[in-house]
Amino acid sequence: MTSVSRQISIPFISAREDDFCCPQILVDMLLDHKGIVEARLDSADNTLEIGYRPDLIDLTQVNRLAKEAGVRLLTDYDHFLTHMHNNSCRNCASEYLEKRLAALPGIPSASVNTVAGVISASFDPTMISQMEIKQTIIDIGFQLDESGESRPAASLLRQELVEPTLVLLTLLGLVGGVAARALGAPGWLVSTLAAISYAAGGYFGLKAGIRDLLKLQINVDLLMILAATGAAIIGSWAEGATLLFLFSLSNLLQNYALDRSRNAIRSLLDLRPTTALVRRNDKEVMVAIDDLVIDDVVIVKPGERIGVDGVVVTGQSAVDQSSITGESVPVDKEVGDKVFAGTVNQHGSLDVRVTKLAADSMLSKIITMVEEAQARRAPTQRFIDTFEQYYAIAIIAAVSLFIAIQTLLLGESFPDVFYRGMVLLVVASPCALVISTPASILSAIADAARKGILFKGGAYLENLATIKGIAFDKTGTLTYGRPMVTDVVPVNDYTADQLLALTASVEERSEHPIAQAVVAAAEERGLEVIEASDFQAYPGMGISASVDGTHLLVGSRRMMEQEGLTVQALLTEEINRLEREGKTVLLVHNEECVGAIAVADRVRPESREAVAALRKAGVEQVIMLTGDNETVAGAIAAEAGLDNYHAGLMPQDKVDLLRRLEAEYGPVAMVGDGVNDAPALATASIGIAMGAAGTDVALETADVVLMTDDLSKISYAIALSKRARRIVWQNIAFSLSVIVILIMGAFGLFGQALPLPLGVVGHEGSTVLVVFNGLRLLAFGARRSLPSPSPEHLLEVPLQADSGLSPSSTACCDQGLRAT
């Protein structure tokens, strides 16, 4: 009897995030094993669905095989990314090029966006080389720009000289031909001028159209050339030349406009200097950035741009990190602090020890990530690109049928019918529809990158607008992720500063995080910390030491009780209140009771405001998931103003809970630090890694990466996503409406048949309008600025002396208690 197969879902994380890199290869790897009856990748849920027979293979083996297959993907396959230049921003060879590349041996997946000019692919270097991939792309008809920095001379010549010259020649030929005919010039002169206008206006379109036709592809360029040729055949060459002039002018404007989006990304490369001043063998020498090695010491003078990722070893300054993190305020740097390539040293000289090679810098990774995001077309764009092929064929067939029926069956004049057919061919072409989505998506990705928000692809930009709930990890996300002093309660005539200074003197020699928090609080207030002696630790309870000849105990209530020191009622009530708030309380005692200090992982001050902004952005549920205890979780959730929280969760519990939340509310985003939240980030509809500057794991794990810990950027990203989605659908609706109106005009439904020149104006005008409408997203950040967070050193240790107690003579450790 055959055993019934079972199903398992495993969260799957592709290190390259290339829209589920190499899906078929992974499936084939698993299906090769006995007992695996089904395997597929669910990109919507970021899960690997495996069907297996438990009589042939157990669950442990299934998990091991899935892990091994994933590891093989990462070790056996390299990644290829390059730039290309198009003859037309409306060239729709994306699908064709993807299929051609995927058909090559050793390339399981490829992603192409001809509008963005980026090609991305995974490949097996043992089966195919990068040079072979490049040659295939060139053979198909694309020019490559491998530098990624600027266009090659030939492309620049075409963009800045050739195309404008051809547009001008088209106009001159058109105007000259019409004038010559009106003035009765010889026929050969009129014909020559007409030929010039056709040759100049149709050169690039004819070249692209024939190239794609040989690949059995039909693009917009071909439709325009056919319409212009048809107009010339029936003697309406002036209308055809007008079509070509407006078509080429429109294309030039679109390329110019879209270059603003492309250059917004490529300009990131200009942030890295080409050389650096390095100290080697006690000498200062200029070295190319690419020649720097780990542990080189780079000298960065005031006003200079830092060329490497490294650590400050000498000096102090403020550094403008806006190019990496999007922060508007320069960040103070001193010895031991990290700095990033592409940032600007404001004042003071810095010596920076290189920790990463130029190719591995955070700036390089950001550029690569954003370019790969450009290569991955959004779902709407993929649909329209596919739809366009069938639509173009349908338009040609419909126009041919229209001409045949009107002339053969209804007996109308062929020239008139053919002219109307050419008008119909022009106005029904989907130029505006095709360009409507990528123009908007590229602009939004560029704007987000400038704000320190990195989308891994257009799909995530679109999907972020649909989320109904957001789940936050607690530690390092809603909170700072490290203990801080929150309350100081001095007693027996001690001041808060005296209590804090004494405690810090005892804690200074301890490496415990709580001890470091106390010392940091004292340093923040500028208090003198005296060197202690006779240091002794009481594991799990506290420490003791002598300060200025006085013996001090610092520790828990249990430690005080063990030492025979009684905590009286009023202080006990205060301790209980602090502990209910999820805080750790240290009692301090010398020869008399000194007081108490509370320490906790403090909620970020902007958390409540950020949660309110999320609700304003349309998020219905804001939830916290944490492995911490119920008391701490409840206190944090209340302070941050969350709708709900779930405490005591293991990583798998977060995954299960996210699935339940999505079933209840709809799409849910998960916000974490990208290190210990990887399974949850992969399971959520959208995974958002926060504070990822310098964190490689965060860059690899999430769908959206926030380079800083600024919570307000989440609501900004959602607002940008929704704005981009609205503009995409505005463009689509506008494009379709124009097509319908122009088709109605071509059939004479408004009283008179639409002439070809007006049809061209309407068609090309709508195309240019949707491009510039999409480009408005480049300025989204200028209209909606992010709030500037207060400097962290002012927020880190807000000492609160108000304990809620009034002066009293009630005993504490047989002494008087005073709250300040």
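The values are calculated or read from the model by the stated rules, or taken from the named source; none is laboratory data. What you see is a predicted model, and the numbers here were worked out from it, not measured in a lab. Heads up, the Cβs are rebuilt from the backbone with ideal geometry, glycines too, and the neighbour counts pull from every protein chain shown. Side chains included, ligands, DNA and RNA excluded: accessible areas come from the protein's heavy atoms. Shrake-Rupley method; radii C 1.70, N 1.55, O 1.52, S 1.80 Å.
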- Message: For region 484-506, check the following and say yes or no: at least one residue is on the phi > 0 side of the Ramachandran plot and open to solvent by 10 Å² or more (accessible area, probe 1.4 Å).
- Response: yes
- Query: Of Val312, Val298, Val285, which residue is assigned to a strand (DSSP E or B), of a type outside the set (Phe, Trp, Tyr) and open to solvent by 40 Å² or more (accessible area, probe 1.4 Å)?
  - Reply: Val285
- Query: Of all residues in region 683-700 being open to solvent by 10 Å² or more (accessible area, probe 1.4 Å) and polar (S, T, N, Q), which is modelled with the lowest pLDDT?
  - Reply: Thr695
- Query: Can you tell which of Asp487, Asp473, Asp497 is in contact with an Asp or Glu (Cβ under 9 Å, 6 or more places away or on another chain), in contact (Cβ under 8 Å) with a residue 12 or more places away in the chain and farther than 22 Å from Asp710 by Cβ?
  - Reply: Asp487
- Task: Check off (1) within 30 Å of Val118 (Cβ to Cβ); (2) touching a Lys or Arg at 6+ places or on another chain (Cβ under 9 Å); (3) surrounded by fewer than 24 Cβ atoms within 10 Å (Cβ to Cβ) for Asn463 and give me the number that stays unchecked.
- Result: (2)
- Query: Within region 420-432, can you find the residues that are buried (at least 24 other Cβ atoms within 10 Å of the Cβ) and within 30 Å of the chain's Cα centre (by Cα)?
  - Reply: Cys431, Ala432
- Message: For region 195-233, give me each residue that is among the aliphatic types (A, V, I, L, M), more than 20 Å from Leu425 (Cβ to Cβ) and either in contact with a helix residue (DSSP H, G or I) (Cβ under 9 Å, 6 or more places away or on another chain) or at pLDDT 75 or above (or both).
- Response: Ala195, Ile196, Ala199, Ala200
- Item | Scope region 562-572; condition at pLDDT 80 or above and either in contact with a Ser or Thr (Cβ under 8 Å, 6 or more places away or on another chain) or of a type outside the set (Gly, Ala, Ser) (or both); matching residues | Gln562, Glu563
- Test result for Ser546, touching a residue at least 24 places away in the same chain (Cβ under 8 Å) and polar (S, T, N, Q): no
- Restricted to region 614-635, and to residues that are more than 30 Å from Leu720 (Cβ to Cβ) and exposed (fewer than 14 other Cβ atoms within 10 Å of the Cβ), which residue is modelled with the lowest pLDDT? Asn629
- If you check every pair at least six apart or on different chains, which have Cβ atoms under 6 Å apart with a residue in region 225-241 that is farther than 18 Å from Glu764 by Cβ and open to solvent by 10 Å² or more (accessible area, probe 1.4 Å) first and a residue that is of a type outside the set (Lys, Arg) and in a helix (DSSP H, G or I) second? Ala232/Gly240; Ile234/Pro415; Ile234/Phe418; Ile234/Tyr419; Trp237/Ala194
